[in-house]
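Please read the structure below before turning to the comments.
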Amino acid sequence: MADYQEAPLASRPKTLDPSEYFNLSAEKRRADEDRAAIRANLKRQYQTQLNDPHRKALVDDPALTRWVYARANPYPFFRPTFKTSLLGAMFGVVPLVVLYYVFKTDRDRKEAMIKAGTLERKFCLSS
């Protein structure tokens, strides 16, 4: 911890901040230990269910169920951010504008060549 060198363009991670790491209050330490105990108890229960040789039903993993639901139904969990807005504009609006510009300029160029009489039509079916 003492020999940690900060990067020039990045701030110190919160976990390596000495005031956050060493000067924890007793209730914060107790709350962390309680959360760790709950996590360990849930993990132990899941492992005993998973490794039970006489089980008849499927083992329900609530975290996996939540993950599968979130993957199958992304819209209730969508939060619009600058990045998602930028990606939406980049993949939704920009291609339409670029295609409009390409087709419009090509059509205008051909129309100008037809008016000037310089366009040579290769596949003319009428003559």
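The values are calculated or read from the model by the stated rules, or taken from the named source; none is laboratory data. These figures come from a predicted structure and were not determined experimentally. Ideal geometry is used to build each Cβ from the backbone, glycine not excepted, and the neighbour counts take in all protein chains shown. We work out accessible area using only protein heavy atoms, side chains counted, and drop any ligands, DNA or RNA first. Shrake-Rupley method; radii C 1.70, N 1.55, O 1.52, S 1.80 Å.
Values computed for the structure shown
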read-out: Residue list for segment 81-127, restricted to those being outside any helix (DSSP H, G or I) and of a type in the set (D, E, K, R); value: GLU120, ARG121, LYS122
read-out: Segment 52-81 residues that are closer than 20 Å to ARG39 by Cβ, paired with ones that are open to solvent by 70 Å² or more (accessible area, probe 1.4 Å) and aliphatic (A, V, I, L, M) (beta carbon under 9 Å, 6 or more apart); value: PRO62/LEU42
read-out: Single residue of ALA57, ALA37 found to be open to solvent by less than 100 Å² (accessible area, probe 1.4 Å), in a helix (DSSP H, G or I) and hydrophobic (A, V, I, L, M, F, W, C); value: ALA37
read-out: Selection count where residues are open to solvent by 90 Å² or more (accessible area, probe 1.4 Å) and of a type in the set (Gly, Ala, Ser), scope segment 80-97; value: 0
read-out: Flag for ARG12 being at pLDDT below 90, surrounded by 10 or more Cβ atoms within 10 Å (Cβ to Cβ) and of a type in the set (Lys, Arg); value: yes
read-out: Residues satisfying the stated conditions in segment 60-80, i.e. at pLDDT 90 or above and either assigned to a loop (DSSP other than H, G, I, E, B) or over 29 Å from the mean Cα position of the chain (by Cα) (or both); value: ASN73, PRO80
read-out: Which listed residue is β-branched (Val, Ile, Thr) and either touching a strand residue (DSSP E or B) at 6+ places or on another chain (Cβ under 9 Å) or closer than 30 Å to LEU119 by Cβ (or both), from VAL102, VAL94; value: VAL102
read-out: Qualifying positions in segment 15-34 - of a type outside the set (Ser, Thr, Tyr), open to solvent by less than 100 Å² (accessible area, probe 1.4 Å) and either part of a helix (DSSP H, G or I) or modelled with pLDDT of 75 or more (or both); value: LEU16, PRO18, GLU20, LEU24, ALA26, LYS28, ALA31, ASP32, ASP34
read-out: Residue in segment 98-118 that is surrounded by 10 or more Cβ atoms within 10 Å (Cβ to Cβ) and within 18 Å of the chain's Cα centre (by Cα) present; value: no
read-out: Selection count where residues are open to solvent by less than 100 Å² (accessible area, probe 1.4 Å) and not hydroxyl-bearing (Ser, Thr, Tyr), scope segment 60-79; value: 10
